[in-house]
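Beneath this line is the structure, given in structure tokens, with notes to follow.
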Amino acid sequence: MADNIELKKIDDDFAIQLLEILNNDEKLKAELGTSDHDISKEEFINHNNKWAKSTNSEIFVIVLNGRAIGTISLSHQNIKENKAQVGYWIRCDYWKKGYTSRAFSKILDYAKRKGIRYLSAKINEENIAGY
């Protein structure tokens, strides 16, 4: 049930779980346009840290019953202008089941607590579930 969704910081255990998804979920890889090579834990962590720093972002793992099923981020945060962007990805067998909507609701609450009033997201035209 989507009510069991939590957002947490990515630790080593969650990083390993997320890598299992990123390296093995062929539908997700196609949607993300990721390369054919497997990503290492170090590469994943370094990329996320570099991206978060360069885009003033926070990345959270989407957790269902203690297991990572994807990520959601609050990026390009501009507290002065009260705006930010949201981005996410989720394991394909959890698509269209309300999990991303619930995670979005939680990130929206978090953004409001930070004083962010305007959120935007770029959604691929073909991603009907993302509208």
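We did not get these values from a lab; they are worked out from the coordinates using the rules stated. All figures in this text were calculated on a predicted structure; none of them were measured in a lab. Methodologically, a virtual Cβ is constructed for each residue, glycine included, from the backbone with ideal geometry; neighbour enumeration extends over all protein chains shown.
Structural remarks
- Net charge dipole, the chain: roughly 820 debye, given to the nearest 20, about the Cα centre with Cβ charges of +1 for Lys and Arg and -1 for Asp and Glu.
- Over region 51-131, Cα pairs under 8 Å with separation of 6+ residues give a relative contact order of 24 percent.
- By the count of neighbouring beta-carbon atoms within 10 Å, fewest first, E26, E31 end up ordered E26, E31.
- Value of relative contact order over region 1-104, rounded to a whole percent, pairs C-alpha under 8 Å and six or more apart: 31
- Global form of region 36-97, assessed from the alpha-carbon gyration tensor, a/c cut-off 1.5: oblate
- Spatially, region 6-41 and region 43-73 are offset by 10 Å when compared through their Cα centroids.
- Extension gain (nm, one decimal) between N23 and H76, 0.36 nm per residue minus Cα-Cα: 16.4 nm
- Unit charges at the beta carbon, dipole of the chain: most positive-side option, Q17, I5, I116: I116
- Helix axis angle, 41-54 relative to the chain longest principal axis, alpha carbon, degrees: 20
- Subtracting the Cα-Cα distance of D93 and L108 from their residue separation scaled by 0.36 nm leaves 3.0 nm.
- Cα shape, region 1-118, gyration tensor, a/c 1.5 rule: oblate
- R0 of 35 Å, Cβ-Cβ distance D12-S101: FRET efficiency to nearest 0.05: 0.80
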